[in-house]
Amino acid sequence: MNLQAVKAIYRAEMARMFRTVVQSIIAPVLSTSLYFVIFGSAIGSRIAEIDGVSYGAFIVPGLIMMSIMTESISNSSFAIYFPRFTGTFYEVLSAPVSYIEVMLGFVGAAATKSIIIGSIIFITANFFVSIELAHPFVALLFLVLISFAFCLFGFILGVWADGWEKLTIVPVLVIMPLTFLGGTFYSISMLPAIWQKISLLNPLVYLISGFRWSFYENADVSIALSLAITVGFLLICLLLVRWIFKTGYRIRT
Amino acid sequence: MSAILSIQDLTKTYAGGFTALKKINLEIQRGEIFALLGPNGAGKTTLINIICGIVNPTSGAAFVNGHNIVSEFRASRAIVGLVPQELPVDAFASVLKTVNYSRGLFGKSANPDYIEKLLRSLSLWDKKDARIIELSGGMKRRVLIAKALSHEPELLFLDEPTAGVDVELRQDMWNVVSSLKKDGVTVILTTHYIEEAEEMADRVGVINGGEIILVQEKARLMQELGRKQMTLNLIENLSEIPPGLEEYELELANHGAELVYTYSTNENRTGITALLGALQKAGVHFSDLTTSQSSLEEIFVDLVKRPA
């Protein structure tokens, strides 16, 4: 394995993040903190507890998930699309690297950023609401798996996109609505029966539910199912990335 | 010398149906400087991009140092460097960081002494901390050369390396290539500046319409295909070639003030002595004469204009 290449890509990507620290870290942390202020402290104080957890604390896992999902997709898709757009990706294609090394470098860096953002949001949330973390290792496992899975998804999006518009279409028109409807701000048990069933078709329900379980041991679906769907999504994305490099889809003519 | 690059029946047909390369066969010897000449769209960049792993071949095979470029891509790509035709650089990275990045990408551990020497040889050391966005086009081209050489390649592709750069950089480039040749690096160069190929190349290949139409040692090529012309400045203008000189196929130029004789450098007898005698006999007198040899550019234009 070409570990030097993994290190080179990873460092270059992390350096890019630190060059744009306001956009990469401060902006998502600030916008998520506003949710805590508005939905947690201001409106949340007038909403009843959900499954024995104050509303402000209840939304914390969902907000962390929402943030890392959108940031993972955005960071990873941009990391691949930008060098494709400027033409600098030729260097990666001509280097003695396999898709695994390329993926570890680009996706590893993007996932690191997401995990940093998720951790900062978690720490910030503690200033606004009282949070329990019943299963910290399970929370960390979900954080890492979901960050990697969505970074891989972003990587695929960045390869598929042939214009800047396509880069934003999927996060804005697909991921954001699914996150809002996936139980970030409510438990799906609060919905009418028919909508509960429809919500179960949304894969993000399982991810958010699993992560919330690691905090409060409350979940809309079983933790095993959440974990299985998270790992399944990760594997599907991994296979797609492998296929992209094997066939050269949109990266090698 | 042994072949560092061997290309066998390499064909590339793009998704749209355009065939850019048609069964290319080519061997490049270790340590040589090979100039690949061809008009726009001839297939030069496609050929380079396939060897470097940027474009997938449709059929055929290529081997770098005996390693198949597809099945043994790690071994083959590790010793190949590429200076692309365009200027694709990370505008916001510094010169030193982007060059170190390239070295790492090719699996080499950091070597600050080598990188310093490389940047100094390309007059980039003073700009090592500058962001690439702040550099001129010529300096960006130097950065691309530094990136391509950062991992100490044995085979270097220079795809139009001096397109749009100033005379100083072109001279620097020639110096770098000479120094690489001394170090045993094989260089494959595509260029529109045929004087560049004439100056640097050991062998010349001409590609046209996706086919290699000629591969020849430069000196031999110029001897075999080169023509010489002798121009006589006449004392009195002529309106037509005088009788008795038909066999020399002379041409009148400059409104009859010059007589031009074209002869091959490849033949033992040029016919000049006989022509001078015939001119005297025909009463044609001249005040001066000059000779000129066709350049590689003229040979190249002649080759690519030939009907297939």
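Quick notes on this structure:
Each row is one residue, and each column tells you yes or no for (1) closer than 19 Å to B:TYR193 by Cα; (2) in contact (Cβ under 8 Å) with a residue 12 or more places away in the chain; (3) in the same structural domain as B:LYS218 (by TED's automatic domain parsing).
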position: B:THR19; (1), (2), (3): no, yes, yes
position: B:ILE24; (1), (2), (3): no, yes, yes
position: B:LEU37; (1), (2), (3): yes, yes, yes
position: B:ASN40; (1), (2), (3): yes, no, yes
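- Test: residue in the stretch B:9-25 that is under 20 Å from B:LEU180 (Cα atoms) and not small (Gly, Ala, Ser): no
- Selection from the stretch A:97-115 of residues that are surrounded by fewer than 21 Cβ atoms within 10 Å (Cβ to Cβ) and either free of Cβ contacts under 8 Å to residues at least 60 places away in the same chain or within 18 Å of A:PHE215 (Cα to Cα) (or both): A:ILE115
- Filtered residues of the stretch B:128-171 (kept if exposed (fewer than 15 other Cβ atoms within 10 Å of the Cβ), polar (S, T, N, Q) and in a loop (DSSP other than H, G, I, E, B)): B:SER136
- Filter result for B:ALA110 (of a type in the set (Gly, Ala, Ser) and in contact (Cβ under 8 Å) with a residue 24 or more places away in the chain): no
- Only listed residue being more than 14 Å from chain B (Cβ to nearest Cβ), touching a helix residue (DSSP H, G or I) at 6+ places or on another chain (Cβ under 6 Å) and over 24 Å from A:LEU201 (Cα atoms), chosen from A:ALA149, A:ALA95, A:ALA110, A:ALA139: A:ALA110
- Filter pass, B:THR58 being β-branched (Val, Ile, Thr), facing chain A (nearest Cβ under 10 Å) and either more than 24 Å from B:VAL185 (Cα to Cα) or touching a Gly at 6+ places or on another chain (Cβ under 9 Å) (or both): no
- The stretch B:48-71 residues that are touching a residue at least 12 places away in the same chain (Cβ under 8 Å) and under 21 Å from A:ARG250 (Cβ atoms), paired with ones that are open to solvent by 60 Å² or more (accessible area, probe 1.4 Å) and among the β-branched types (Val, Ile, Thr) (beta carbon under 6 Å, 6 or more apart): B:VAL55/A:THR253
- Set B:ILE213, B:ILE207: member being open to solvent by 40 Å² or more (accessible area, probe 1.4 Å), in a strand (DSSP E or B) and β-branched (Val, Ile, Thr): B:ILE213
- Verdict on A:ARG46 being in contact (Cβ under 8 Å) with a residue 40 or more places away in the chain and of a type outside the set (Gly, Ala, Ser): no
- Here B:LEU156 fulfils each of the conditions (1) in contact with a helix residue (DSSP H, G or I) (Cβ under 7 Å, 6 or more places away or on another chain); (2) free of Cβ contacts under 8 Å to residues at least 40 places away in the same chain; (3) not basic (Lys, Arg) apart from (2).
- Odd one out for B:TRP174 among (1) surrounded by fewer than 20 Cβ atoms within 10 Å (Cβ to Cβ); (2) touching an Asp or Glu at 6+ places or on another chain (Cβ under 7 Å); (3) part of a loop (DSSP other than H, G, I, E, B): (3)
- Qualifying position, being surrounded by fewer than 22 Cβ atoms within 10 Å (Cβ to Cβ) and away from chain A (no Cβ under 14 Å), among B:GLY31, B:GLY38: B:GLY31
- Entirely in the stretch A:1-89, the helices (runs of 4 or more DSSP H) that have 1 or more residues that are facing chain B (nearest Cβ under 10 Å) and modelled with pLDDT under 90: A:3-19, A:55-86
- One residue alone among A:SER147, A:SER94 is over 19 Å from the mean Cα position of the chain (by Cα) and either polar (S, T, N, Q) or open to solvent by less than 10 Å² (accessible area, probe 1.4 Å) (or both), and that residue is A:SER94.
- Scanning the stretch B:14-28 for residues that are surrounded by 14 or more Cβ atoms within 10 Å (Cβ to Cβ) and among the polar types (S, T, N, Q) turns up just one, B:THR19.
The values are calculated or read from the model by the stated rules, or taken from the named source; none is laboratory data. Just so it is clear, the structure is predicted and the values come from calculations on it, not from any experiment. Neighbour counts are summed over all protein chains in view; Cβ atoms, including those assigned to glycine, are modelled from backbone coordinates with ideal geometry. Ligands, DNA and RNA are stripped out before the accessible areas are found, and what is left, the full protein with its side chains, is counted by its heavy atoms. Shrake-Rupley method; radii C 1.70, N 1.55, O 1.52, S 1.80 Å.
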